[in-house]
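The values are calculated or read from the model by the stated rules, or taken from the named source; none is laboratory data. Here the structure is a predicted model, which is why all the values come from computation and not from measurement. Neighbour counts are summed over all protein chains in view; Cβ atoms, including those assigned to glycine, are modelled from backbone coordinates with ideal geometry.
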Amino acid sequence: MTRFTVNGQPVHYRLDAETPLLWALRDASNLTGTKYGCGAGQCGACTVHVDGQAVRSCQVNIGTVEGALVTTIEGLSADRSHPVQQAWVAENLPQCGYCQSGMIMAAAALLQANPQPADADIDAAMTNICRCGTYPRLRRAIHRAARVMAGREIIAAAPPPGIDPVDAAAAVAALTPVSGK
């Protein structure tokens with residue numbers, strides 16, 4: 001039996017302690033935003049946060065995260081309003097989309113640790129594989145999310161699901177644009 005917190009909710013898995021975190025999240029908790037890619041920790045499609053650090057969940061057994069705080073893409077923001085998610089949309093980053101949840105989680109952890117990363121920092125931290133080759137847009141999206149998080153930019157992106165576009169437009173119109181790079 002293993003206990004930890006997933007997306008702010010306590011969980012108690014009655015699974016073998018050697019079960020990969022990926023399978024506990026997907027199969028036992030139905031959190032399918034975390035993707036299975038390679039199973040060897042190389043591609044990053046399964047990236048989640050464990051105590052704020054980006055980890056490849058296919059390589060972490062649930063027994064090793066006892067008492068930890070785990071965040072999946074579903075827990076990053078319920079309404080897709082996290083600056084990284086908004087920047088992803090604004091930069092038209094996703095193509096096939098399979099790797100994107102892992103990429104978003106890795107980028108969010110990077111920006112938490114380094115709010116103003118240089119291209120070299122992004123290259124070092126973003127080791128996720130994107131078969132569609134969206135890497136130039138990835139850099140732009142991370143820089144844009146950093147500006148949003150620093151309050152230097154507002155993204156007027158499409159509203160998250162469940163928000164009426166009229167309400168979203170009114171909210172954006174009420175904001176005073178912030179200039180800067």
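Matching residues to (1) in the same structural domain as THR134 (by TED's automatic domain parsing); (2) at pLDDT 95 or above; (3) closer than 21 Å to CYS130 by Cα:
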site: GLY8; (1), (2), (3): no, yes, no
site: LEU21; (1), (2), (3): no, yes, no
site: LYS35; (1), (2), (3): no, yes, yes
site: THR72; (1), (2), (3): no, yes, yes
site: PRO94; (1), (2), (3): yes, no, yes
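Name the residue, out of LEU22, LEU15, that is outside any loop (DSSP other than H, G, I, E, B) and either touching a residue at least 40 places away in the same chain (Cβ under 8 Å) or more than 27 Å from ALA146 (Cβ to Cβ) (or both).
Only one candidate qualifies: LEU22.
For residues that are under 15 Å from TYR36 (Cα atoms) and in contact with a Phe, Trp or Tyr (Cβ under 9 Å, 6 or more places away or on another chain), scanning just the stretch 86-103, find the one that is surrounded by the most Cβ atoms within 10 Å (Cβ to Cβ).
The qualifying residue surrounded by the most Cβ atoms within 10 Å (Cβ to Cβ) is MET103.
So VAL89 fits all but one of (1) modelled with pLDDT of 95 or more; (2) assigned to a helix (DSSP H, G or I); (3) not polar (S, T, N, Q); what number is the exception?
Answer for VAL89: the failing condition is (1).
Identify the residue in the stretch 38-85 that is touching a Cys at 6+ places or on another chain (Cβ under 7 Å) and not in a loop (DSSP other than H, G, I, E, B) and, among all such residues, is surrounded by the fewest Cβ atoms within 10 Å (Cβ to Cβ).
CYS58
Return the pair list, or none, for Cβ contacts closer than 6 Å from residues in the stretch 81-99 that are over 22 Å from PRO115 (Cα atoms) to residues that are in a loop (DSSP other than H, G, I, E, B) and hydrophobic (A, V, I, L, M, F, W, C), at least 6 apart or on different chains.
These pairs meet every condition: GLN95/CYS132; CYS96/CYS132; CYS99/ALA45; CYS99/CYS130.
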